[in-house]
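Chemist: Below is one structure. I have some questions about it.
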Amino acid sequence: MGNQDERTKAEVPTNVSYLPRFGLDEGPVTEVHAFWLAGLSCDGCSIAAVGAQSPTVEQLITGSIPGLPKVILHHPVLSVTAGHKFMEAYHEAKNGTLGAPYVVIQEGSVADENIAEEFGGYWSAMGVTIGDDGVHTPIPTAHWLRDLAPGAAAVIAVGTCATWGGVPAAAGNLTNAMSVMDYLGKEYLSTLGLPPVNIPGCAPLGDNITETVASILMFLAGVGPLPEFDELGRPAWMFQSTVHRGCVRAGNYEEGKFADEYGQKECLVELGCWGPVVQCNMVSRGAIGHNGGCMNTGGICIGCTMPGFPDAFAPFYKAPPGTMVSSNISRSTGSFVSYLRKFTQDNQNLTSHWKKTNEVPSGWANVDGRRGLGKKTVNFFYEKLKRSGTQFTPGSKRQQELQESASRYLNKSTANNKIAAE
Ligand code: SF4
């Protein structure tokens, strides 16, 4: 068995010309084939993609987005054709006879087929070669990636298994599973000159998949710029920020309010949330149609979009060591800040009239509208501070003057209009 620390590099053919096998100078690109490959995967990325809302897979494959080429999707589960008929286009793309541009979308990690070969088997395969003796030999999906990548306009790795290795590449695996990047190597460039594009997540957000595909298609069709990718090939606008920055519970973290069991509304960091360091847009975008998303629905972040996942975040559901420092700092400063905010909020929940009468006529509950001398004094100075440097004071002499001058101007122009109309 091969050494698991040795990352097998695919022998990507070097005799393929850098420029596309399709001619961009032949006119606008109206159709782009998308070859979906499934390596060591659970099919979760496929499920995520078909749940995408913005744009939907249906919009992409019907070409209903103005300016975007129509996507001809070849997917081992979703395609209507099966068997040899289904595999025809894969062979045409490999042989350079497809006659149209294509992208490769890989779901799942790439297994080291050399290991399986030693035992006369394979880890994951699609299609067969038929020998002279009529024997059918499955074609490993890793070999499809090796053979299709050189002619692809882009190779897009979807899901953490394809982008970084993910669960199949965790410690103790027998397959020497690796990412698309590891497999194709640092030198690999698509015909558009792109290294592999990475959309991590276990499973990734469906919208992240379809939006990235759409933005690459826009570039391919010449109707948009090349999207911005970060140093690891992630769409920068999706992964440059941490989960924590977009989290609905981040205000609780800042005020030092932490949940000590699931089901509570406070920050989940002490239950094991890694959101402060994990790059992901799950909570800000929502899982499907702006709904759901880990912390939105009460779950912690276990770092599934990160290259170190899963080993670097295990054991799950245990507070990260850094929490001891950061959450205790938040707790000590946050409790004071939170008290001050509550104090201000109490005052802002009173109308000017209620402040005068010291009474809140609410039929919902008894609200104490009374404010003692202490509160009144603090609020007096608070208001002074708030308005300092501006001319704004509700009901002030200055405000009355402005109102009078505005109404004089209004009356005059109304009168002028009336005369003009007569
Ligand atoms: Fe940050 Fe996680 Fe707390 Fe949300 S739940 S505020 S991501 S630590």
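Chemist: Please tell me if residue 14 is surrounded by fewer than 12 Cβ atoms within 10 Å (Cβ to Cβ), over 12 Å from residue 210 (Cβ atoms), at pLDDT 95 or above and of a type in the set (Val, Ile, Thr). Show your work before the answer.
Modeler: Values: surrounded by fewer than 12 Cβ atoms within 10 Å (Cβ to Cβ): yes; over 12 Å from residue 210 (Cβ atoms): yes; at pLDDT 95 or above: no; of a type in the set (Val, Ile, Thr): yes.
For residue 14, the condition - surrounded by fewer than 12 Cβ atoms within 10 Å (Cβ to Cβ), over 12 Å from residue 210 (Cβ atoms), at pLDDT 95 or above and of a type in the set (Val, Ile, Thr) - is not met.
Chemist: Residue check, residue 172 against (1) closer than 23 Å to residue 112 by Cβ; (2) part of a helix (DSSP H, G or I), all met but one. Which one?
Modeler: (2)
Chemist: Here's a follow-up. Restricted to the range 277-317, and to residues that are part of a strand (DSSP E or B) and touching a residue at least 40 places away in the same chain (Cβ under 8 Å), which residue is farthest from the chain's Cα centre (by Cα)? Spell out how you get there, then give the answer.
Modeler: Applying the first criterion (part of a strand (DSSP E or B)) to the range 277-317 yields 279, 288, 291.
Subset that is touching a residue at least 40 places away in the same chain (Cβ under 8 Å): 279, 288.
Working: 279: 9, 288: 11 Å.
Ranking the qualifying residues of the range 277-317, first place goes to 288.
Chemist: Scan the range 320-329 for residues that are within 10 Å of the ligand (Cβ to nearest atom) and either modelled with pLDDT of 95 or more or part of a loop (DSSP other than H, G, I, E, B) (or both) and jot them down. Break it down stepwise before answering.
Modeler: Looking only at the range 320-329, we keep the residues that are within 10 Å of the ligand (Cβ to nearest atom), and these are 320, 323, 326-327.
Scanning the range 320-329 gives a single hit, 320.
Chemist: Also, quick follow-up: Mind listing whichever residues of the range 286-310 are touching a Leu at 6+ places or on another chain (Cβ under 9 Å) and away from the ligand (no atom under 14 Å from the Cβ)?
Modeler: Once the filter is applied, which keeps residues that are touching a Leu at 6+ places or on another chain (Cβ under 9 Å) and away from the ligand (no atom under 14 Å from the Cβ), the range 286-310 yields 286, 287, 288, 307.
Chemist: Consider residue 77 carefully, then state whether it is in contact with a Ser or Thr (Cβ under 9 Å, 6 or more places away or on another chain), over 17 Å from residue 148 (Cα atoms), among the β-branched types (Val, Ile, Thr) and in the same structural domain as residue 194 (by TED's automatic domain parsing). Outline the logic, then answer.
Modeler: Details: in contact with a Ser or Thr (Cβ under 9 Å, 6 or more places away or on another chain): yes; over 17 Å from residue 148 (Cα atoms): yes; among the β-branched types (Val, Ile, Thr): yes; in the same structural domain as residue 194 (by TED's automatic domain parsing): yes.
Yes.
Chemist: Would you mention how many residues in the range 81-120 are of a type outside the set (Phe, Trp, Tyr), more than 21 Å from residue 167 (Cβ to Cβ) and not in a helix (DSSP H, G or I)?
Modeler: 11
Chemist: Another question, then. Tell me which residues, restricted to the range 371-403, are surrounded by 10 or more Cβ atoms within 10 Å (Cβ to Cβ) and not in a helix (DSSP H, G or I).
Modeler: Result: 371, 392, 393, 396.
Chemist: Please determine, by comparing only the residues of the range 220-276 that are part of a strand (DSSP E or B), without any contact (Cβ under 8 Å) to a residue 40 or more places away in the chain and farther than 16 Å from residue 302 by Cα, which one is nearest to the ligand (Cβ to nearest atom).
Modeler: Once the filter is applied, the top-ranked residue is 235.
Chemist: Quickly run through the range 127-169 and pick out the residues that are over 23 Å from residue 193 (Cα atoms) and either assigned to a strand (DSSP E or B) or not assigned by TED's automatic domain parsing to the domain that holds residue 99 (or both).
Modeler: The answer is 127, 128, 129, 130, 136, 137, 138, 139, 140.
The values are calculated or read from the model by the stated rules, or taken from the named source; none is laboratory data. If you're wondering where the values come from, they're calculated on a predicted model, not measured in any experiment. Here Cβ is always computed from backbone atoms with ideal geometry, including for glycine, and neighbour counts include all displayed protein chains.
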